[in-house]
Amino acid sequence: MSESLFDVKDKVVFVTGGSRGIGFMIAKAYVRAGAHVYICSRNSGVCDEAAAGLGKLGECASLPADLSQMSEIERVCLELQTRESGLDVLVNNAGTTWGSSLPSFPEKGWDKVISLNLKSPFFLIQSFLEMLAAKATKGDPTRVINIGSVDGLRTPLWDNYSYSVSKAGLHHLTKTLATPLARRHVNINSIAPGPFVTDMMAPMIESMGEERISEKVLLQRLGVYEDMAGVALFFGSRASAYITGTILPVDGGMTAAI
Ligand SMILES: NC(=O)c1ccc[n+]([C@@H]2O[C@H](COP(=O)([O-])OP(=O)(O)OC[C@H]3O[C@@H](n4cnc5c(N)ncnc54)[C@H](OP(=O)(O)O)[C@@H]3O)[C@@H](O)[C@H]2O)c1
């Protein structure tokens, strides 16, 4: 057992959507803490570049894939199996959104979001289960961390119907899978972020401005790297070994205020 409660040194970590935004923050936190990190996203140039940048801080490799495709989930899982005997932490972070008013909301905006935000995490967990179980013990469980959203905890501020529903579904999937995963000594938890400055948030920041968004947050600011890094390391380390099936808002008190 590691001396530090929050130690993740030498753990094998796979972060979907790790090339930018919140996924990049999580990948960076694990790389800096001495883990062996793999990041995955569609644009291979951007993914390779992000991994190379993080590689200057520690160990990071790029495994590009379109995780909305079942064949790609299977391919990337096989690829990781050729490199690693097991997986310590799977971070299901890749996500997308769609904004449109109810009368004009298109089927494409429903299917694309539900597919990546809800279906893909389920099949990633299924595909990586044997690798997660390979390193898991009762006293030292391996981990799945799902990145949900405050929009899955309360009705959203924006017209993002499929997004908020997908995140509520992901939170419930976290609870639902806690039982079968516990039998294999794998813990599963969700982080539900409030607003963080990323590409996904850019249209909202442009239309509302950071200040007006911050007013919706009890702590009066948007989330930054340290806010996500701390909780991501907590859910991957000994410190959270007795926690599974939970959803933790990391939102500056946004959901406490409603
Ligand atoms: N930002 C926020 O304020 C906020 C708040 C609550 C929850 N979240 C959640 O946090 C997660 C990350 O969001 P973010 O704001 O960091 O978004 P982002 O900046 O848009 O980053 C999304 C990441 O996912 C990758 N990705 C998108 N589609 C993919 C696919 N089909 N296959 C593989 N990778 C894919 C992107 O790379 P490619 O485009 O190259 O594939 C990118 O690396 C999401 O689940 C989001 O719902 C964010």
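The values are calculated or read from the model by the stated rules, or taken from the named source; none is laboratory data. All of these numbers come straight from a predicted model, not from anything done at the bench. Cβ placement follows ideal geometry from the backbone for every residue including glycine, while neighbour counts extend to all protein chains displayed.
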Looking for something part of a helix (DSSP H, G or I), within 13 Å of the ligand (Cβ to nearest atom), surrounded by 22 or more Cβ atoms within 10 Å (Cβ to Cβ) and of a type in the set (D, E, K, R) - is there at least one such residue anywhere in the stretch 115-125?
no
What pairs can you find where one residue is in the stretch 149-161 and closer than 19 Å to Glu107 by Cβ, the other is more than 12 Å from the ligand (Cβ to nearest atom) and among the aliphatic types (A, V, I, L, M), and their Cβ atoms are less than 8 Å apart, with a gap of 6+ or different chains?
Asp159/Leu102; Tyr161/Leu102
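Let's see how each residue does on (1) closer than 21 Å to Leu173 by Cα; (2) surrounded by 15 or more Cβ atoms within 10 Å (Cβ to Cβ):
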residue	(1), (2)
Asp199	no, no
Ser207	no, no
Gly223	no, yes
Val250	yes, yes
In the set Cys47, Cys60, Cys40, the lone residue that is in contact with a Pro (Cβ under 6 Å, 6 or more places away or on another chain) and within 14 Å of the ligand (Cβ to nearest atom) is Cys47
Quick check on Ser149: is it buried (at least 21 other Cβ atoms within 10 Å of the Cβ) and hydroxyl-bearing (Ser, Thr, Tyr)?
yes
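Among the residues of the stretch 1-39, how many are of a type in the set (Gly, Ala, Ser), in contact with a helix residue (DSSP H, G or I) (Cβ under 7 Å, 6 or more places away or on another chain) and within 18 Å of Leu63 (Cβ to Cβ)?
Restricting attention to the stretch 1-39, the residues satisfying the condition of being of a type in the set (Gly, Ala, Ser) are 2, 4, 17-19, 21, 23, 27, 29, 33-35.
From the residues that got through so far, the ones that are in contact with a helix residue (DSSP H, G or I) (Cβ under 7 Å, 6 or more places away or on another chain) too are 2, 17-19, 27, 29, 33.
After this cut, where a residue has to be within 18 Å of Leu63 (Cβ to Cβ) as well, the list is 17-19, 27.
Residues meeting the conditions: 4.
Is it true that Thr174 is part of a helix (DSSP H, G or I), at pLDDT 95 or above and of a type in the set (S, T, N, Q)? Working first, answer last.
Values: part of a helix (DSSP H, G or I): yes; at pLDDT 95 or above: yes; of a type in the set (S, T, N, Q): yes.
Yes.
Looking at Leu118, Leu54, Leu87 in this structure, which one is touching a strand residue (DSSP E or B) at 6+ places or on another chain (Cβ under 6 Å) and closer than 25 Å to Thr176 by Cα?
Exactly one residue qualifies, and that residue is Leu87.
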